[in-house]
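Every read-out reported here was derived from the displayed coordinates using simple, explicitly stated rules and does not represent laboratory data. All figures in this text were calculated on a predicted structure; none of them were measured in a lab. Virtual Cβ from ideal backbone geometry, glycine too; neighbours counted across all protein chains shown.
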Amino acid sequence: MWHERIAADLIAAQKAREAAKVSSLRLLKAALESTAFAQRKTALTDDEAVAVIRKQVKQRQESIAAFRQGQRADLAAKEEAELAVLSAYLPQELPRAELLAAVKRAVAAVGASSPGDAGRVMKQVMTELRGKADGKLVNAVVVEVLSAVK
């Protein structure tokens with residue numbers, strides 16, 4: 001599914017002469033193919049593809065922060081354009097209310113009673129929400145819920 005969509009969007013961007021989008025999609029396509037090759041697969045599953053896309057998005061976010069710190073607005077702008085293209089391929093994030101409900105279910109399932117149980121709760125939540133929520137956001141909600149359990 002992802003492979004076909006990216007290939008079609010790449011062709012459309014080439015025809016429209018959108019250089020930034022073409023560059024971003026080529027990098028993404030190469031990352032997906034490289035990951036599939038490394039795993040000795042012909043194609044990645046949807047979850048694996050989303051993980052690769054998230055990794056690319058995270059790299060862009062880190063680059064933007066580094067370029068801004070180094071006062072390189074031109075390079076930061078280029079990375080932001082790539083980030084915008086890549087973000088379009090990520091699935092919709094879970095609303096905070098649903099994330100909170102999932103964390104509370106995991107806390108109950110694991111029997112967590114203190115912030116020290118965050119690792120067990122994170123493991124439970126991330127298996128349920130893989131690809132639907134960012135790990136940092138989930139961790140923040142887990143810490144918030146476990147702090148309230150005290």
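Could you tell me what fraction of 2.2 N^0.38 Å the Cα radius of gyration of region 96-149 comes to, as a two-decimal ratio?
0.95
Restricting to lysines 8 or more places apart or on different chains, can you count the pairs in region 2-87 with Cα atoms under 25 Å from each other?
14
Of the listed peptides 41-48, 98-105, what is their order by residue-averaged count of other C-beta atoms within 10 Å, with the highest listed first?
98-105, 41-48
Given bins 10 angstrom wide, list per bin the percent of all Cα-Cα distances in region 1-140, short to long.
Binned Cα distances yield the sequence 11, 32, 30, 21, 6, 1.
At 0.36 nm per residue, minus the direct Cα-Cα distance, what do LYS29 and LYS123 gain on full extension? Give it in nm, one decimal, please.
30.9 nm
In nm, to one decimal, how far is the SER114 label point from the ALA148 one, both placed 7 Å along Cα→Cβ?
2.1
Based on the Cβ-Cβ distance of GLN71 and ARG5, what FRET efficiency does E = 1/(1 + (r/R0)^6) give at R0 = 35 Å, to the nearest 0.05?
Efficiency, from the Cβ-Cβ distance: 0.45.
Which value in deg cm²/dmol, rounded to the nearest 500, describes the helix-derived mean residue ellipticity at 222 nm for the chain, given -39,500 (n - 2.57) per DSSP H run of n ≥ 4 and division by the residue count?
Value at 222 nm, helices only: -25500 deg cm²/dmol.
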